[in-house]
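Here is the structure we will look at.
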Amino acid sequence: MTRQLSLNAFLHDTGHHEASWRHRDSAVDRIHDIDFDTQNALIAEEAKLDAIFFADAPGLWGATPFRPAGHLEPITRLAAIAARTERIGLIATASTTFYDPYNLARLFSSLDTISRGRAGWNIVTTQSEAVARNFSLSELPSASERYIRAQEFIDVVTKLWDSWEDDAILADRESGRFFDPEKVHSIHHVGNHFQVEGALSQPRSPQGRPVYVQAGSSNDGRAFAGRNAEAIFTAHQTIEDAQAFYSDIKSRAVAFGRSPEDVKILPGLSPFIADTRAEAEELQRYVNSLTVPAYGIAQLEGLAGVSLAHLELDEPVPLEVFGQAGDVLDNNRSRLQVIANIVERDRPTLRGLLHRLAGARGHNVVAGTPTDVADIITDWFQNGAADGFNVMPPLYPQLLQEFTQKVVPILQDRGLFRTEYTGSTLRDHFGLARPESLYGADATEEAHVV
C-alpha cells in the first residue's frame, strides 16, 4: 500500500484565527456547547480523519476581553464526544507539571476504554507562570526541571497502564476468581518526584496505552520526543525548516533504539479555502481586518519579552526586535524563532506580522483553492517534511467542511489518504503497533495485588 497521510482536526472554539469569533457567520454562542464539539467531530469522522485534538492549559488562557475564553476541560469533553462517534481518534492535552501520574493514568485509561481504543495524550510541561500560581507554586520550575519530571511521569504512567496484563481478567464464575493475581502488578515506583505503589485501579485499556503525542520543539522537547512520542505536533513556515525538524526527530528516535516509523511528524496547517485563489485571499483579508491590534501586540510582547510600544503598525519590524531568539534548539525559544525567521525572511510591517500570527500563532497559514492546499500537503508529505498534518481551520465549522469536502477527496484521488477506516483504534489509524505490557511473560518482577 502507498504510504498514507495522517490528518487531525485541531478543534479550537470558533476557529484558529484569533478574530474568527467576530466573523458574521461564527458560532461564538456555541463554543461551550458539547453539541457543537460533536458536530465538528462528526464532520472529521465522516471524512475519515485520524483524530480530533483539544489543546489545554489549566488556567484562564489570555485573560483578555478581545477573544473567547473559558475552555472546558478536554478529557471530559472527549468522553462525551466518544459516546456519539465511532472511529475518530480523541486526543487531549494534559500537563506533567500539574497532574499527578496516578490520577492522569486513570483518566486516560477510562477515556480509552469508553471510546474502545481511540484515546491519545498530548504531553506538555506547561510554561505559564500564571498557571503555576493556580497550583500553589510561587514560580514555574525551569524548562529542564519540567522535562526531568515529565520523563519520570511518563515512566510511571506507562508502568501503571501496563500493570494489568491483557489476560489478567478471568471472570470465572466456577472458581469465583475474577482476575489472576499473578497478572496484576504493583509497580513499586520510587523516584525523585513520585512514589507510586500501584497497580492501576482498572484493567489495561483497548490500546494498551493511549497514543503518546508531544508538541515541544526546544532542545529538551526534541530529546523527550525522540525517546517517547508516537506523534508530534509542530509549527513550521517553510518546507526547508520542516525537513530539518523531521530529519532531526527521526534521527533521535533511532538513537533511542526506535524505528523512524514509530513517530509521526504532524505540522500545523491553517487553510483559508475557496473555489478561487482570489476568493480565499479575500476571505483571509476580511478576517484579518477583524483583529484588534492591541491584543496581538500584547501576545507578541509576552512571547518576545520586549516592548513594542515604539513601533508603528505600518512600518517594517526591525530585525533586532527578535535578536534574542537564539538557535531553534534553545529551550522555550522554538516558537519565537519561527517569528524571527518570518521577520528576517519577509520583512513584514508590524500590522502584517500581527496578521500572520493571528491566523495560527506561528503555524503555516495558507490561502488558496482546494488543489492549492492539497498540493502543499502532498509536497511536504512526499519530500521528507511531514507524515501528515494537524489541520487548524481558521473558522469552524465552515472551513473544516471546506477541507473535508474539497481537499480530502483530492488527496484520496491521489492515493494518499484512506477512503474508509481500516481499523477501529487511534493506533490503527496512525499505523502504530499496540505495545506489549512491561509485565508480560518475560517480566521478572514479582506480582502483587492491591
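The values are calculated or read from the model by the stated rules, or taken from the named source; none is laboratory data. Quick caveat, the model's predicted, so the values are computed rather than measured. No Cβ is skipped: glycine too gets one built from the backbone with ideal geometry, and neighbour counts run over all protein chains shown.
Might you check whether a residue that is modelled with pLDDT under 90 and touching a Ser or Thr at 6+ places or on another chain (Cβ under 6 Å) occurs anywhere in segment 123-138? Yes: one or more hits.
If the condition is being surrounded by 19 or more Cβ atoms within 10 Å (Cβ to Cβ), assigned to a loop (DSSP other than H, G, I, E, B) and at negative phi, then segment 43-55 contributes Ala47, Leu49, Asp50. Residues in segment 295-319 that are polar (S, T, N, Q) and surrounded by 15 or more Cβ atoms within 10 Å (Cβ to Cβ): Gln299 only. Quick check, is Gly431 at pLDDT 95 or above, out of contact with any Phe, Trp or Tyr (no Cβ under 7 Å at 6 or more places or on another chain) and loosely packed, with under 15 Cβ neighbours inside 10 Å? No: the conditions fail for Gly431.
Listed by position, the helices (runs of 4 or more DSSP H) enclosed by segment 68-145 that each have at least 2 residues that are within 20 Å of Gly302 (Cα to Cα) are 129-132. Consider segment 230-256 and keep the residues that are among the hydroxyl-bearing types (Ser, Thr, Tyr) and within 17 Å of the chain's Cα centre (by Cα). The one that is farthest from Gly89 (Cα to Cα) is Tyr246. If you go through segment 164-189 and keep only what is crowded, with 16+ Cβ neighbours inside 10 Å, in contact with a Lys or Arg (Cβ under 6 Å, 6 or more places away or on another chain) and assigned to a strand (DSSP E or B), you end up with Trp164, Ile187.
If only one of Ala229, Ala225, Ala244 is crowded, with 24+ Cβ neighbours inside 10 Å, closer than 25 Å to Ser270 by Cα, without any contact (Cβ under 8 Å) to a residue 60 or more places away in the chain and not aromatic (Phe, Trp, Tyr), which one is it?
Step by step, each of Ala229, Ala225, Ala244 is checked, and only Ala225 is crowded, with 24+ Cβ neighbours inside 10 Å, closer than 25 Å to Ser270 by Cα, without any contact (Cβ under 8 Å) to a residue 60 or more places away in the chain and not aromatic (Phe, Trp, Tyr).
The residues of segment 336-380 that are at pLDDT 95 or above, in a helix (DSSP H, G or I), touching a Lys or Arg at 6+ places or on another chain (Cβ under 9 Å) and surrounded by 21 or more Cβ atoms within 10 Å (Cβ to Cβ), listed by number, are Pro370, Val373, Ala374.
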